[in-house]
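Novice: Quick one: the structure is below, and I'll ask about it shortly.
The values are calculated or read from the model by the stated rules, or taken from the named source; none is laboratory data. Since the model is a prediction, treat every value here as computed from it, not as a measurement. All Cβ positions, glycine included, derive from the backbone under ideal geometry; neighbour counts span all protein chains shown.
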Amino acid sequence: MADLQDAGDAILAQRSADGDTDAFAALVRRHGPFLRAYAIRLLGSARADADDCVQEALIAAWHALPELKDPARFRSWVVAIVSRKATDRLRRRRPDDAELDEAVPSSRPDPEDSAVTSSQIDAVRAALDALPEDLRTAWVLREIGGRSYEEIADQLDLPVATVRGRIARARRSLLDAMKEWR
């Protein structure tokens with residue numbers, strides 16, 4: 001077991017792809033705390049949601065490991081899976097009545113304003129869904145996760161200049177998609 005803890009991600013991912021559950025457990029122990037913190041950051045204060053998100057992502061990763069082309073990039077690959085799972089959860093999340101009571105002022109909003117707001121939210125979701133995964137991941141990390149460019153570069157194993165470019169392209173694309181709402 002000690003040899004697994006010292007093994008690199010590439011070896012562990014290759015062994016995991018071959019069905020080695022101990023190797024996958026070593027990857028989970030190594031990256032699980034970071035993935036959980038990352039999911040919490042993306043999802044806000046919902047720690048239970050973050051745990052579920054990470055668990056879903058790790059299950060998906062286990063099943064998809066044989067398709068991983070570059071085992072040395074396991075961490076960035078699984079981070080992307082967590083990002084997708086978190087984005088899915090954010091889309092599905094509906095505020096409960098207590099949150100609505102706190103969020104909505106005592107006077108009821110105008111139905112037309114509510115419809116416009118709902119349409120805007122739908123348009124933003126559609127624009128995010130239309131982004132290529134690499135741009136969406138970088139944008140979500142920056143704008144939702146509040147990560148610095150350097151942190152994103154470290155997490156995705158990319159140069160900072162590439163991260164800046166991806167975020168700029170994502171912002172430009174989102175602005176274009178949302179221009180009718182300005």
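Novice: Among the numbered criteria (1) surrounded by 12 or more Cβ atoms within 10 Å (Cβ to Cβ); (2) at pLDDT 80 or above; (3) more than 14 Å from the chain's Cα centre (by Cα), which single criterion is violated by Ser114?
Specialist: It fails just one condition, (2).
Novice: Out of Leu158, Leu141, I need the residue that is over 17 Å from Ala39 (Cβ atoms) and either in a loop (DSSP other than H, G, I, E, B) or in contact (Cβ under 8 Å) with a residue 24 or more places away in the chain (or both). Which one?
Specialist: Every option except Leu158 fails the conditions.
Each row is one residue, and each column tells you yes or no for (1) surrounded by fewer than 20 Cβ atoms within 10 Å (Cβ to Cβ); (2) closer than 20 Å to Arg84 by Cα; (3) aliphatic (A, V, I, L, M); (4) without any contact (Cβ under 8 Å) to a residue 40 or more places away in the chain.
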position: Asp3; (1), (2), (3), (4): yes, no, no, yes
position: Ile11; (1), (2), (3), (4): yes, no, yes, no
position: Gln14; (1), (2), (3), (4): yes, no, no, no
position: Asp20; (1), (2), (3), (4): yes, no, no, yes
position: Ala26; (1), (2), (3), (4): no, no, yes, yes
position: Arg36; (1), (2), (3), (4): yes, yes, no, yes
position: Ala50; (1), (2), (3), (4): no, yes, yes, yes
position: Ile59; (1), (2), (3), (4): yes, yes, yes, yes
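Novice: Mind checking which residues of the range 165-178 are free of Cβ contacts under 8 Å to residues at least 40 places away in the same chain and either touching a Cys at 6+ places or on another chain (Cβ under 7 Å) or buried (at least 16 other Cβ atoms within 10 Å of the Cβ) (or both)? It would help to see each step written out before you state the result.
Specialist: Step one: list which residues in the range 165-178 are free of Cβ contacts under 8 Å to residues at least 40 places away in the same chain, which gives 165-172, 175-176.
Answer for the range 165-178, where residues must be free of Cβ contacts under 8 Å to residues at least 40 places away in the same chain and either touching a Cys at 6+ places or on another chain (Cβ under 7 Å) or buried (at least 16 other Cβ atoms within 10 Å of the Cβ) (or both): Arg166, Ile167, Arg169, Ala170.
Novice: Regarding the range 76-89, can at least one residue be identified that is closer than 24 Å to Ala138 by Cα and without any contact (Cβ under 8 Å) to a residue 12 or more places away in the chain? Talk me through it step by step, then tell me what you get.
Specialist: The first filter runs over the range 76-89 and keeps only residues closer than 24 Å to Ala138 by Cα, leaving 76-89.
With the extra rule that they be without any contact (Cβ under 8 Å) to a residue 12 or more places away in the chain, the set shrinks to 88.
Within the range 76-89 (the criterion being closer than 24 Å to Ala138 by Cα and without any contact (Cβ under 8 Å) to a residue 12 or more places away in the chain), the answer is yes, since at least one residue qualifies.
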